[in-house]
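Encoded as structure tokens, the structure appears first; notes follow it.
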Amino acid sequence: MSPRLLALWLKETIALTRDKHGLLALFIMPTIFILVMTMALRDAFTPGVTIDVSYSVVDLDQTPISKALVKRLNRVAAFKKIEGDNDLGSARNQLLQGKQSLVLVLPKEFGNRLLTPGGTDGKPAEPLSLLIDPALSPTLQLAFRNQVMAALGAVRADELTVKAGKLFGLPVAPGATLEKDWPDEIHSEAVRGNTNAKIPSSVQQNVPAWLIFAMFFVVIPVSSIFIIERQQGTLQRLRAMGVPFHLVLAGKLLPFFIVNQVQAALMVLVGMYLVPQFGSEALELPSSLPLLLNWWAVSSTVSLAAVSWALLIASIAKTSEQATIVGGVGNILMGAVGGIMVPKFIMPASMQKIAALSPMAWGLEGFHTVMLRHGSFADILPSLTQLLVFAVASLLAAIWLNQRALAAQS
């Protein structure tokens, strides 16, 4: 190995250890993000957890069928039910005062017209009414409507079954009613590359996302050291000593690569031991050695891409302020587009196509392939290839910019 490269690594390590505040930010920022976002999104990744949005039902029909609908809705709805006094005026006041968000009103004759909503006597049935707090998210409004429709369809199907049984003489269990508690008939199972089929929690989603975001923020210490060396003439002295610029860049890669790997190890420990102290599940890494090696391969290529991006920004920027603004804004845009800040699956289709252009999205896909799907090396190879191509392109661009600057000075 070249003695000059070893000397450059030693120089970068010394410069890096002097920037204690920058290093501290690289480790504290992702820790805070992981804790906050894991707690905030915990219920979003946990099936069956009640949404903290309240609803009540005003049953003006008071028939066995209307009571069966209320009971079924209470069983299947992911919203929090509030027991009211079954008064429409009181329910409206509750909405106006912000004490609840949704009120479902079952009209009179609901049970009699359940199977004939168009009306057999020429009088159409009165529809169900849903009173909504206007401040409630349209997404949650739609979710509750869909759950009401699902419960209504189930009650209607039960009523049809009972009537068909009576009409055709089919056997009906003694004491069968519409309010019978039916067992769960669907079992959810996450499809992975092995037999471990546990549904992933929010910590499995958030730790890799914010780890990638933190890795790319190495742009701030890298550019800071790079620009100080340029201003103090260190780079000029190295060039005068015959050290090529690509070797200078190579000397900066290893120390910051190691910093990124320490970040990765620390964030994993935060997910495994600190996050559970705040009431969420612990991070679970793959248990087999090949999968752990695949995880490290993704972590390594994300780190190479992040450090290469940082070196490119440092080559473009003239001052530390420019590097902080350009690098920081670039990272935020890549994170916002790439599914770090907003999960990709809730983006519209057009935004999901744009997300595929973000290097952070490639890294996140690689981590998810290993941690959630337990994929093989062949499965993560597309993500690794994209990240390596981005890293090489960034380094080549940084070298070209330096050569052009030298040509302009001569």
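The values are calculated or read from the model by the stated rules, or taken from the named source; none is laboratory data. Predicted model, so just to flag it, every value in this text is computed and none were measured. Please note: Cβ atoms are built from the backbone with ideal geometry, for glycine as well, and neighbour counts cover all protein chains shown.
For the stretch 319-331, which positions are surrounded by fewer than 20 Cβ atoms within 10 Å (Cβ to Cβ) and either in contact with a Cys (Cβ under 8 Å, 6 or more places away or on another chain) or closer than 15 Å to residue 218 by Cβ (or both)? Write out each step before concluding.
Of all residues in the stretch 319-331, those surrounded by fewer than 20 Cβ atoms within 10 Å (Cβ to Cβ) come to 319-322, 324-326, 328-330.
320, 324, 326, 328, 330, listed by residue number.
Among the residues of the stretch 282-297, is there at least one that is closer than 15 Å to residue 215 by Cβ, crowded, with 16+ Cβ neighbours inside 10 Å and in the same structural domain as residue 380 (by TED's automatic domain parsing)?
The first filter runs over the stretch 282-297 and keeps only residues closer than 15 Å to residue 215 by Cβ, leaving 295-297.
Among the residues that remain, those that are also crowded, with 16+ Cβ neighbours inside 10 Å are: 295, 297.
When the remaining residues are screened for being in the same structural domain as residue 380 (by TED's automatic domain parsing), the result is 295, 297.
Yes - at least one qualifying residue is present in the stretch 282-297.
Being in a helix (DSSP H, G or I) and closer than 28 Å to residue 294 by Cβ narrows it down to one residue among 405, 393; which is it?
393
Having 3 or more residues that are among the acidic types (Asp, Glu), modelled with pLDDT under 65 and in the same structural domain as residue 62 (by TED's automatic domain parsing) is the bar; report the strands (runs of 3 or more DSSP E) wholly within the stretch 79-193 that clear it.
Counting at least 3 such residues, we get no strands (runs of 3 or more DSSP E) at all.
Condition first: among the basic types (Lys, Arg) and either over 20 Å from residue 401 (Cβ atoms) or not assigned by TED's automatic domain parsing to the domain that holds residue 396 (or both). Now tell me which residues in the stretch 199-236 satisfy that.
none
Tell me, which residue of the stretch 354-388 that is of a type in the set (Val, Ile, Thr) and within 25 Å of residue 342 (Cβ to Cβ) is surrounded by the most Cβ atoms within 10 Å (Cβ to Cβ)?
Our first condition is that a residue be of a type in the set (Val, Ile, Thr); within the stretch 354-388, this holds for 354, 369-370, 380, 385.
Checking the rest, the ones that are also within 25 Å of residue 342 (Cβ to Cβ) come to 354, 369-370, 380.
Details: 354: 13, 369: 21, 370: 28, 380: 22.
Once the filter is applied, the top-ranked residue is 370.
Can you find even one residue in the stretch 343-361 that is under 16 Å from residue 299 (Cβ atoms), touching a Leu at 6+ places or on another chain (Cβ under 7 Å) and hydrophobic (A, V, I, L, M, F, W, C)?
Scanning the stretch 343-361, I find no residue that is under 16 Å from residue 299 (Cβ atoms), touching a Leu at 6+ places or on another chain (Cβ under 7 Å) and hydrophobic (A, V, I, L, M, F, W, C), so the answer is no.
Quickly run through the stretch 79-118 and pick out the residues that are under 36 Å from the mean Cα position of the chain (by Cα) and polar (S, T, N, Q).
94, 97, 100, 101
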